[in-house]
Every structure is written in C-alpha cells, then in structure tokens.
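No lab work stands behind these numbers, since they all come straight from the coordinates. It should be emphasised that the depicted structure is a prediction, and the values quoted were computed from it without experimental measurement. Cβ placement follows ideal geometry from the backbone for every residue including glycine, while neighbour counts extend to all protein chains displayed.
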Amino acid sequence: MRERIPVVVQGRRTRRPPVARALWAGAELAVTLGAVLLLLVVHQLWWTNRQAQGDARDRVARLERQWATAPRQPATPTPGEGGSGQPDGASAAPDGARRDGPARAASRPQPDLAYAVLRIPRIGVTAPVAQGVGKAAVLNRGYVGHYPQTAQPGGTGNVALAGHRNTHGEPFRHLDRLWPGDTVRLDTAEARFTYVVRKTLPRTTPGDGTVLAEVPYSSAHPAYRFSAPGAYLTLTTCTPEYSSAYRLVVWAVLRSTQSNEEAARVP
C-alpha cells in the first residue's frame, strides 16, 4: 500500500490595508518617542541631580582640605567689598543685625572657580560657590553661582547668589521654605560669614535686576526694599518649580564674621 505524502497548501498572506499600515506605523513611532522622552526625563530629573550633587560634594571636600592645609593669612578688605567704614565692632548691617568685629571680605576669585561654601541648615544645603552664573561652567555642576558685579562674602554691599531649583543638583529646591531669622553661612578661605534671613520676595520678573542692587529692592514690587547701606546677601532661583517664568528672591543681612580659627572652636 502506497503511503500518501500530505501536501500542505499555504494560504496567501493578506496585506493590511493602507490605513491599518499607517496606524501601525504611527503606534510604533509613538512608543519609540515615548521611550525616548522617558529616558530624557530620567536623565534630567535623576541623573543630572546625581551627577551634579556628587561633583558638588567632592568640590566642598576639596575646598575644606585645601583650607585646612593652607597657611593662614589675614583677610584684607578691598575697596567697596570689605571694611564697613565704621569703627571696630560697629554695625553696618541693617535692621539691627549684629556684626562681631570689622567686615573682612573674601578676596576676588577667578571666573568659574569654586572658592566658598554655602550652608543653609534650615533646608539642608551644603554647596560650593563659584564665581559667575554660567550654566555649563557653574550652575549645571550643582554649584551656586556668584554674580560677579556684586560684593564678595562679608563685604559691604550685596552678595548675590543664584542656583538651580530643579535638576542639576537643585541646591535651591526648597529656598521658599526659609523664614526670617533663619541663618545662612558662607565659608571662605579667609573667614566664616553668618547672615540672617530678613525678607522673601515670592515671585518677581526675571528683569527685576534691582534685587541685586547694592541696597537691594524690587522695582516690580516696591513694597519689598531695603533703604540703608549695609552688608546684604541675596539668594535667587526660578519659580514656580520646573519653570523659569519668574524669580524667587531671599534677602539676608550679615550678623557676624569669624576667622577660621574662631569658627573651628565653635561646635
């Protein structure tokens, strides 16, 4: 008996109509774009923070080691940035703020170079301060940037700083949580400068440049102003979160100045 060999007849593959093919291609493209966008979000919100915060911590540690091993030299005030123009122990700070001894301003640093450490205990900030506010060279590295045209730490006038609120280390993420009476500290190779928060301007325009003035005030919100010369600190960042539409501003005044030797004895 002859064995039959089965014959398999394959049916013809039905082609999708053009509309179905277009929808399928669109769906694949949407999934691909979604995956790319998700990776971008992860990079911006997680990786840039991790990278910048690690870089900032390393820079703070290196600055502190450098200060600990460098020979001590007395800080000399520079014109417009240093001495208060008052007798020793007199106060040049507004609102009754106390200064322990004459002002001793930090020396002028090199552009984009980290030269100070900002500490804000209320919101857990410890960040290096660099000269300049460029994004690539300073802010995107997790640093706080110093506006070059403003006073140096401890100097008479206005020490103005900027930092990211979101991504790239976001040192000023919770700047809106500061209250009058909170302390802000700037440590340099020369001395430790302690400021006390006085006022917060919750929202102003990016063009409100008078908040950085030597005697700071808001041209957009005249109720927010100081009227007397003194030793000010201005902290600025973007607001609301994840937007650069407006600026949040915190003002503080110098309360005390300590040499590094004196500061080392304070627990």
Worksheet item: How far apart, in nm, are two points set 7 Å out from the Cα along the Cα-to-Cβ line at ALA22 and at SER244?
Response: 3.9
Worksheet item: How big is the C-alpha Rg of the stretch 139-267 next to the rule-of-thumb value 2.2 N^0.38 Å, as a ratio?
Response: 1.04
Fill in: Relative contact order (%) - criterion: Cα under 8 Å, at least six apart; region: the stretch 155-267
34
Worksheet item: In whole percent, what relative contact order does the stretch 107-176 give with Cα contacts below 8 Å and a gap of six or more residues?
Response: 24
Worksheet entry | Loop-located chymotrypsin sites (Phe, Trp or Tyr not before Pro) in the stretch 211-267 whose Cβ has at most 14 other Cβ within 10 Å (DSSP) | TYR242
Practice prompt. Name the shape class, rounded, prolate or oblate, that the alpha-carbon gyration tensor gives for the stretch 103-162, where a ≥ b ≥ c are the square roots of its eigenvalues, rounded holds for a/c under 1.5, and otherwise prolate holds if a/b is larger than b/c and oblate otherwise.
Written response: oblate
Worksheet item: Normalised by the number of residues in the stretch 165-216, what is the relative contact order in percent for Cα pairs under 8 Å and 6+ residues apart?
Response: 25
Worksheet, complete the sentence: The exposure ranking of ARG119, ARG65, fewest beta-carbon neighbours within 10 Å first, is ARG65, ARG119
Discussion item. What is the sum of charges, Lys and Arg at +1 and Asp and Glu at -1, for the other residues whose Cβ falls under 13 Å from the Cβ of ASP112?
Written reply: +3
Fill in: the stretch 116-196: equivalent-ellipsoid semi-axes (sqrt of 5 x gyration tensor eigenvalues, Cα, Å)
18, 17, 11
Worksheet item: Using a basic spin-label model with each label point 7 Å from the Cα along Cα→Cβ, how many nm lie between TRP179 and ALA136?
Response: 4.3
